[in-house]
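Remarks on the structure that follows.
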Ligand code: HEM
């Protein structure tokens, strides 16, 4: 597995652990109330599991497994850029309520996430090809 995939998959596993913990705490709180502030974890729960875990795992495995050009994986910089943009975006969206909604950090985060998808798609597109092409 290439180094970038290690980063993607390990980071994804950290988000999985955090997202599931937040979900577990909210579920517990639904059955046996602990503290109403726990509902503030819902946006982080959704963000961490949908993008931090699911999308990040898909990027990491795709970077590893898509067809190569002999031994090369194409424009690796774009895939690294996608990693940086995705994680910066996830944290900006997650911390938006604490950074001050009017400052627009949430929107900035969403834009970074969209740019991450574009960067990864640009990286992956030429690698989506039949064997030997
Ligand atoms: C990959 C796995 C998961 C994903 C993608 C996910 C995603 C979501 C989403 C999108 C919501 C918002 C639903 C809505 O507002 O209608 C939600 C809510 C919630 N999730 Fe998860 N979730 C996952 C796993 C879990 C797990 C394992 C637990 C518990 C151990 C959990 C506990 C909760 C709770 C308690 C809520 C709030 C439900 C409510 O509004 O009453 N989630 N989750």
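Since every read-out is calculated from the coordinates, none of them should be taken as a lab result. Every value quoted in this text rests on a predicted model; they were computed, and no experiment measured them. Note that each Cβ is placed from the backbone with ideal geometry, even for glycine, and that neighbours are counted across all protein chains shown.
General remarks:
- FRET efficiency, residue 29 to residue 128 (Cβ-Cβ, R0 35 Å, nearest 0.05): 0.20
- Seen against the Cα atoms of the chain and their longest principal axis, helix 56-65 is set at about 20 degrees.
- Per-residue Cβ neighbour counts within 10 Å put 83, 8 in the sequence 83, 8, beginning with the fewest.
- The simple spin-label model puts a point 7 Å past each Cα toward its Cβ; for residue 110 and residue 69 those points are separated by 3.6 nm.
- Counting every other Cβ atom within 10 Å of each residue's Cβ, 26, 1 order from fewest to most as 1, 26.
- Relative to the longest principal axis of the Cα atoms of the chain, the long axis of helix 105-124 makes an angle of roughly 20 degrees.
- Between residue 54 and residue 21, the FRET efficiency estimated from the beta carbon spacing at R0 = 22 angstrom works out to 0.85.
- Residues 29, 45, 35, sorted so that the one with the fewest Cβ neighbours within 10 Å comes first: 35, 29, 45
- Estimated [θ] at 222 nm from DSSP helical runs (n ≥ 4, -39500 (n - 2.57)) normalised by residues in the chain, nearest 500: -22500 deg cm²/dmol
- Degrees between helix 76-99 axis and first principal axis of the chain (Cα, 0 to 90, nearest 10): 10 degrees
- Separation in nanometres of the label points that stand 7 Å from Cα toward Cβ, at residue 118 and residue 95: 2.4 nm
- Across q = 0.09, 0.18, 0.22, 0.23 Å⁻¹, the stretch 3-127 modelled as identical point scatterers on its alpha-carbon atoms has Debye log10 I(q)/I(0) values of -0.30, -0.92, -1.18, -1.24, in the order of the q list.
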